[in-house]
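The structure appears right after this line, and notes come after that.
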Amino acid sequence: MTSAAYTAIGRSYSNFAGDSSLGRALVDKIADQNLDVIDYQKTMRQLGESLAVNLLPKIDKKSSEDVFIVCTVEDADYLARGIIDQLQKNGLGSRIKLMCLWNGKVRDEGISVSPILKQYKEQKRSDRVCFIIVKSIISGACVVKTNLTRAISDADPSQIFVVAPVLYQGAQQRLAEEFPKSISDRFEFFWFATDTQKQGENVLPGIGGSVYERLGLGDEHSKNKYIPELVKERRKNQFASA
(Lines give C-alpha, C1' and ligand atoms only; values in the text may rest on other atoms or scores of the structure.)
Protein backbone atom coordinates (compact mmCIF):
# COMPACT_ATOMS: atom_id res chain seq x y z
CA MET A 1 0.00 0.00 0.00
CA THR A 2 1.39 3.39 -0.95
CA SER A 3 1.11 6.09 1.69
CA ALA A 4 -0.33 9.53 1.06
CA ALA A 5 2.32 12.00 -0.02
CA TYR A 6 0.34 15.18 -0.65
CA THR A 7 -2.31 16.93 1.42
CA ALA A 8 -5.12 19.37 0.76
CA ILE A 9 -8.11 20.65 2.69
CA GLY A 10 -10.58 17.80 3.19
CA ARG A 11 -8.55 15.15 1.40
CA SER A 12 -5.07 13.73 0.92
CA TYR A 13 -3.48 12.49 -2.28
CA SER A 14 -1.56 9.30 -2.92
CA ASN A 15 1.90 9.01 -4.40
CA PHE A 16 0.16 8.41 -7.75
CA ALA A 17 -1.30 11.94 -7.66
CA GLY A 18 1.53 14.47 -7.54
CA ASP A 19 0.89 18.22 -7.50
CA SER A 20 0.88 18.60 -11.28
CA SER A 21 -0.33 15.11 -12.25
CA LEU A 22 -3.29 14.45 -14.50
CA GLY A 23 -4.67 12.02 -11.94
CA ARG A 24 -4.86 14.71 -9.28
CA ALA A 25 -6.58 17.14 -11.64
CA LEU A 26 -9.10 14.52 -12.71
CA VAL A 27 -9.96 13.30 -9.21
CA ASP A 28 -10.64 16.87 -8.13
CA LYS A 29 -12.67 17.54 -11.27
CA ILE A 30 -14.91 14.49 -10.74
CA ALA A 31 -15.91 15.86 -7.31
CA ASP A 32 -17.38 18.98 -8.94
CA GLN A 33 -21.15 18.72 -8.55
CA ASN A 34 -21.64 21.14 -11.44
CA LEU A 35 -20.28 18.72 -14.07
CA ASP A 36 -22.97 17.63 -16.51
CA VAL A 37 -23.51 13.94 -17.30
CA ILE A 38 -21.37 13.94 -20.47
CA ASP A 39 -18.40 15.61 -18.78
CA TYR A 40 -18.75 13.33 -15.77
CA GLN A 41 -18.72 10.23 -17.97
CA LYS A 42 -15.70 11.51 -19.89
CA THR A 43 -13.79 12.36 -16.73
CA MET A 44 -14.49 8.96 -15.18
CA ARG A 45 -13.18 7.24 -18.30
CA GLN A 46 -10.05 9.43 -18.22
CA LEU A 47 -9.58 8.47 -14.57
CA GLY A 48 -9.58 4.82 -15.62
CA GLU A 49 -6.92 5.50 -18.24
CA SER A 50 -4.78 7.45 -15.77
CA LEU A 51 -5.04 4.78 -13.07
CA ALA A 52 -4.07 2.14 -15.62
CA VAL A 53 -0.91 4.08 -16.52
CA ASN A 54 0.21 3.72 -12.90
CA LEU A 55 -0.86 0.08 -12.79
CA LEU A 56 0.85 -1.08 -16.00
CA PRO A 57 4.41 -1.42 -14.64
CA LYS A 58 3.12 -3.95 -12.10
CA ILE A 59 1.70 -6.33 -14.71
CA ASP A 60 4.09 -8.96 -16.01
CA LYS A 61 4.17 -8.40 -19.77
CA LYS A 62 5.84 -11.77 -20.34
CA SER A 63 3.15 -13.73 -18.54
CA SER A 64 0.32 -15.45 -20.40
CA GLU A 65 -2.07 -15.17 -17.45
CA ASP A 66 -5.51 -13.73 -18.00
CA VAL A 67 -5.95 -10.20 -16.70
CA PHE A 68 -9.48 -10.15 -15.29
CA ILE A 69 -11.19 -6.79 -14.98
CA VAL A 70 -13.82 -7.18 -12.23
CA CYS A 71 -16.25 -4.25 -12.14
CA THR A 72 -19.76 -3.20 -11.19
CA VAL A 73 -22.38 -2.46 -13.85
CA GLU A 74 -22.19 1.29 -13.21
CA ASP A 75 -18.41 1.38 -13.65
CA ALA A 76 -18.22 -0.76 -16.79
CA ASP A 77 -18.65 1.81 -19.56
CA TYR A 78 -16.50 4.51 -18.01
CA LEU A 79 -13.92 3.73 -15.33
CA ALA A 80 -13.40 0.09 -16.37
CA ARG A 81 -13.42 0.93 -20.06
CA GLY A 82 -10.72 3.53 -19.49
CA ILE A 83 -8.56 0.91 -17.81
CA ILE A 84 -9.18 -1.62 -20.57
CA ASP A 85 -8.42 0.94 -23.29
CA GLN A 86 -5.05 1.71 -21.72
CA LEU A 87 -4.17 -1.96 -21.27
CA GLN A 88 -5.07 -2.65 -24.89
CA LYS A 89 -2.86 0.23 -26.07
CA ASN A 90 0.01 -1.46 -24.26
CA GLY A 91 -0.38 -4.85 -25.88
CA LEU A 92 -2.45 -6.68 -23.27
CA GLY A 93 -5.67 -6.89 -25.26
CA SER A 94 -5.52 -10.63 -25.90
CA ARG A 95 -5.16 -11.34 -22.17
CA ILE A 96 -8.04 -9.17 -20.96
CA LYS A 97 -11.16 -10.84 -19.57
CA LEU A 98 -14.20 -9.10 -18.14
CA MET A 99 -16.36 -9.89 -15.15
CA CYS A 100 -19.21 -7.41 -14.69
CA LEU A 101 -21.49 -7.66 -11.66
CA TRP A 102 -24.89 -6.18 -10.87
CA ASN A 103 -25.02 -5.56 -7.11
CA GLY A 104 -28.10 -4.89 -5.06
CA LYS A 105 -28.04 -3.20 -1.67
CA VAL A 106 -29.78 -4.37 1.49
CA ARG A 107 -29.71 -2.26 4.64
CA ASP A 108 -30.87 -3.58 8.00
CA GLU A 109 -30.17 -2.10 11.43
CA GLY A 110 -27.06 -0.29 10.25
CA ILE A 111 -25.68 -3.28 8.36
CA SER A 112 -25.31 -3.05 4.58
CA VAL A 113 -24.77 -5.98 2.23
CA SER A 114 -24.44 -5.97 -1.56
CA PRO A 115 -25.76 -9.24 -3.00
CA ILE A 116 -24.93 -10.07 -6.61
CA LEU A 117 -28.11 -10.09 -8.67
CA LYS A 118 -26.54 -11.20 -11.96
CA GLN A 119 -23.18 -11.33 -13.67
CA TYR A 120 -21.43 -11.37 -17.01
CA LYS A 121 -18.21 -13.37 -16.90
CA GLU A 122 -15.90 -14.35 -19.71
CA GLN A 123 -14.31 -17.78 -19.79
CA LYS A 124 -10.88 -17.96 -18.20
CA ARG A 125 -8.12 -20.01 -19.80
CA SER A 126 -6.68 -21.30 -16.50
CA ASP A 127 -7.23 -21.00 -12.76
CA ARG A 128 -4.17 -18.78 -12.40
CA VAL A 129 -5.10 -15.17 -13.18
CA CYS A 130 -4.38 -11.54 -12.36
CA PHE A 131 -7.35 -9.60 -10.95
CA ILE A 132 -7.99 -5.88 -11.34
CA ILE A 133 -10.88 -5.00 -9.02
CA VAL A 134 -12.43 -1.74 -10.22
CA LYS A 135 -14.67 0.60 -8.19
CA SER A 136 -15.37 4.31 -8.60
CA ILE A 137 -15.11 4.86 -4.83
CA ILE A 138 -14.39 2.50 -1.93
CA SER A 139 -15.92 3.41 1.39
CA GLY A 140 -17.16 0.54 3.53
CA ALA A 141 -15.66 -1.95 1.04
CA CYS A 142 -18.88 -4.04 1.07
CA VAL A 143 -19.29 -4.19 -2.72
CA VAL A 144 -15.60 -4.85 -3.33
CA LYS A 145 -15.60 -7.64 -0.73
CA THR A 146 -18.65 -9.29 -2.32
CA ASN A 147 -17.33 -9.04 -5.85
CA LEU A 148 -13.81 -10.17 -5.01
CA THR A 149 -15.20 -13.14 -3.07
CA ARG A 150 -17.16 -14.17 -6.15
CA ALA A 151 -14.14 -13.66 -8.41
CA ILE A 152 -11.76 -15.80 -6.34
CA SER A 153 -14.32 -18.58 -5.84
CA ASP A 154 -12.99 -20.45 -8.88
CA ALA A 155 -9.58 -18.89 -9.52
CA ASP A 156 -6.21 -18.53 -7.80
CA PRO A 157 -5.01 -14.97 -8.48
CA SER A 158 -1.30 -14.32 -8.60
CA GLN A 159 -1.96 -10.59 -8.16
CA ILE A 160 -4.95 -8.60 -6.90
CA PHE A 161 -4.98 -4.93 -7.85
CA VAL A 162 -7.69 -2.83 -6.18
CA VAL A 163 -8.24 0.27 -8.29
CA ALA A 164 -10.39 3.31 -7.47
CA PRO A 165 -10.08 7.08 -7.94
CA VAL A 166 -11.14 7.75 -4.32
CA LEU A 167 -10.92 5.84 -1.04
CA TYR A 168 -12.59 6.70 2.24
CA GLN A 169 -10.15 6.64 5.14
CA GLY A 170 -9.42 3.12 6.38
CA ALA A 171 -10.84 1.40 3.29
CA GLN A 172 -7.68 -0.61 2.68
CA GLN A 173 -7.66 -2.00 6.21
CA ARG A 174 -11.39 -2.75 6.19
CA LEU A 175 -11.08 -4.70 2.98
CA ALA A 176 -8.00 -6.60 4.15
CA GLU A 177 -9.76 -7.64 7.35
CA GLU A 178 -12.49 -9.37 5.32
CA PHE A 179 -10.09 -11.92 3.82
CA PRO A 180 -7.53 -14.41 5.05
CA LYS A 181 -4.00 -13.09 5.11
CA SER A 182 -3.07 -15.41 2.23
CA ILE A 183 -5.41 -13.33 0.05
CA SER A 184 -5.02 -9.85 1.56
CA ASP A 185 -1.23 -10.07 1.26
CA ARG A 186 -1.72 -10.00 -2.52
CA PHE A 187 -3.63 -6.69 -2.48
CA GLU A 188 -2.06 -3.69 -4.16
CA PHE A 189 -4.08 -0.47 -4.10
CA PHE A 190 -4.06 2.17 -6.83
CA TRP A 191 -5.94 5.37 -6.05
CA PHE A 192 -5.59 9.13 -6.27
CA ALA A 193 -7.38 10.63 -3.24
CA THR A 194 -8.32 9.66 0.30
CA ASP A 195 -11.23 11.49 1.94
CA THR A 196 -12.07 11.66 5.65
CA GLN A 197 -15.57 13.15 5.75
CA LYS A 198 -19.07 11.85 5.07
CA GLN A 199 -22.56 13.25 4.76
CA GLY A 200 -24.93 10.34 5.26
CA GLU A 201 -23.58 7.62 2.97
CA ASN A 202 -21.81 10.04 0.62
CA VAL A 203 -18.08 10.59 1.01
CA LEU A 204 -17.07 14.27 0.77
CA PRO A 205 -15.89 15.47 -1.66
CA GLY A 206 -15.63 11.91 -2.96
CA ILE A 207 -16.78 11.57 -6.56
CA GLY A 208 -19.35 14.32 -6.37
CA GLY A 209 -22.34 12.33 -5.12
CA SER A 210 -24.10 9.17 -6.27
CA VAL A 211 -22.16 7.67 -9.16
CA TYR A 212 -25.31 6.11 -10.65
CA GLU A 213 -27.06 9.44 -10.94
CA ARG A 214 -23.96 11.41 -11.96
CA LEU A 215 -23.42 8.96 -14.84
CA GLY A 216 -27.05 9.26 -15.92
CA LEU A 217 -28.01 5.70 -14.88
CA GLY A 218 -30.73 6.65 -12.41
CA ASP A 219 -31.06 5.18 -8.91
CA GLU A 220 -29.93 1.81 -7.53
CA HIS A 221 -32.94 0.04 -9.03
CA SER A 222 -32.62 1.64 -12.48
CA LYS A 223 -28.89 1.01 -12.86
CA ASN A 224 -29.44 -2.71 -12.35
CA LYS A 225 -31.63 -2.79 -15.46
CA TYR A 226 -28.79 -1.31 -17.52
CA ILE A 227 -26.64 -3.48 -19.78
CA PRO A 228 -23.31 -1.75 -20.38
CA GLU A 229 -22.19 -1.11 -23.93
CA LEU A 230 -18.87 -2.71 -22.96
CA VAL A 231 -20.65 -5.96 -22.15
CA LYS A 232 -22.64 -5.86 -25.39
CA GLU A 233 -19.50 -5.24 -27.45
CA ARG A 234 -17.48 -7.98 -25.80
CA ARG A 235 -20.34 -10.49 -26.06
CA LYS A 236 -20.69 -9.69 -29.75
CA ASN A 237 -16.95 -10.16 -30.31
CA GLN A 238 -16.97 -13.44 -28.37
CA PHE A 239 -19.74 -14.84 -30.56
CA ALA A 240 -18.08 -13.54 -33.71
CA SER A 241 -14.87 -15.42 -32.91
CA ALA A 242 -16.63 -18.62 -31.85
_Volume in Å³ per residue [convex hull over Cα atoms, computed for segment 186-242]_ = 163
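Over 19 Å between Cα atoms: which of LYS62/LYS181; LYS97/LYS135; LYS29/LYS225; LYS62/LYS97; LYS29/LYS105 fall into that group? Walk me through the numbers on the way to the answer.
Numbers: LYS62/LYS181 27 Å; LYS97/LYS135 17 Å; LYS29/LYS225 28 Å; LYS62/LYS97 17 Å; LYS29/LYS105 28 Å.
In this structure, LYS62/LYS181; LYS29/LYS225; LYS29/LYS105 exceed 19 Å between Cα atoms.
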*With the Cα gyration tensor of segment 157-198 giving a ≥ b ≥ c as the square roots of its eigenvalues, does the rule (a/c under 1.5 for rounded; else a/b larger than b/c for prolate; else oblate) give rounded, prolate or oblate?*
oblate
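Quick check: convex hull over the Cα atoms of segment 64-169, volume per residue in Å³, rounded to an integer?
Values: hull volume 10.8 nm³, N = 106.
Taking the convex hull of the Cα positions in segment 64-169, it is 102 Å³ per residue.
Taking a ≥ b ≥ c as the square roots of the eigenvalues of the Cα gyration tensor of segment 110-242, is the shape rounded (a/c under 1.5), prolate (a/b larger than b/c) or oblate?
Working: a/c = 1.97, a/b = 1.18, b/c = 1.67.
Oblate.
Of the accessible area of segment 112-242, with the probe set at 1.4 angstrom, what percent is carbon plus sulfur? Intermediate values should be presented prior to the final figure.
Working: 3030 of 6260 Å².
Using a 1.4 Å probe with all protein chains present, segment 112-242 comes out at 48 percent carbon and sulfur.
Would you please classify the overall shape of segment 21-77 from the alpha carbon gyration tensor, given that a ≥ b ≥ c denote the square roots of the eigenvalues, rounded means a/c under 1.5, and beyond that prolate means a/b larger than b/c while oblate covers the rest? If you can, show how the numbers build up before the last one.
Values: a/c = 3.98, a/b = 1.81, b/c = 2.19.
Because a/c hits 1.5 or more and a/b fails to exceed b/c, segment 21-77 counts as oblate.
Only helical DSSP H runs with n ≥ 4 go in: add -39500 (n - 2.57) per run for the chain, normalise by residue count and round the 222 nm mean residue ellipticity to 500 deg cm²/dmol.
On the way: 9 runs with 79 residues, N = 242.
So the calculated ellipticity at 222 nm is -9000 deg cm²/dmol.
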*Sketch the reach of a paramagnetic label on LYS42 as a point 7 Å from Cα along Cα-to-Cβ, and name the residues of segment 67-110 whose backbone nitrogen lies under 17 Å away.*
78-79, 82
*Among 49-55, 217-223, how do they line up from the highest to the lowest mean number of other beta-carbon atoms within 10 Å?*
49-55, 217-223
*In whole Å, what three semi-axes, largest first, describe the equivalent ellipsoid of the chain built from its Cα gyration tensor (square root of 5 times each eigenvalue)?*
25, 20, 19
*Could I have the simple spin-label model distance between GLN173 and ASP32, label points 7 Å from Cα toward Cβ, reported in nm to one decimal?*
3.5
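Treat segment 1-130 as a sphere of radius equal to its Kirkwood radius over Cα pairs and apply Stokes-Einstein at 10 °C in a medium of 1.306 mPa s; give the translational diffusion coefficient in µm²/s, rounded to a whole number. Display every interim value, and only then the final one.
Working: Rh = 16.7 Å.
In µm²/s, the coefficient is 95.
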*asked:* Just the number please: accessible area per residue for the chain, 1.4 Å probe, all protein chains included, in Å².
replied: 47
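The values are calculated or read from the model by the stated rules, or taken from the named source; none is laboratory data. Everything quoted here is computed from the prediction, not taken from an experiment. Heads up, the Cβs are rebuilt from the backbone with ideal geometry, glycines too, and the neighbour counts pull from every protein chain shown. Surface areas here come from the heavy atoms of the whole protein model, side chains and all, with no ligands, DNA or RNA. Shrake-Rupley method; radii C 1.70, N 1.55, O 1.52, S 1.80 Å.
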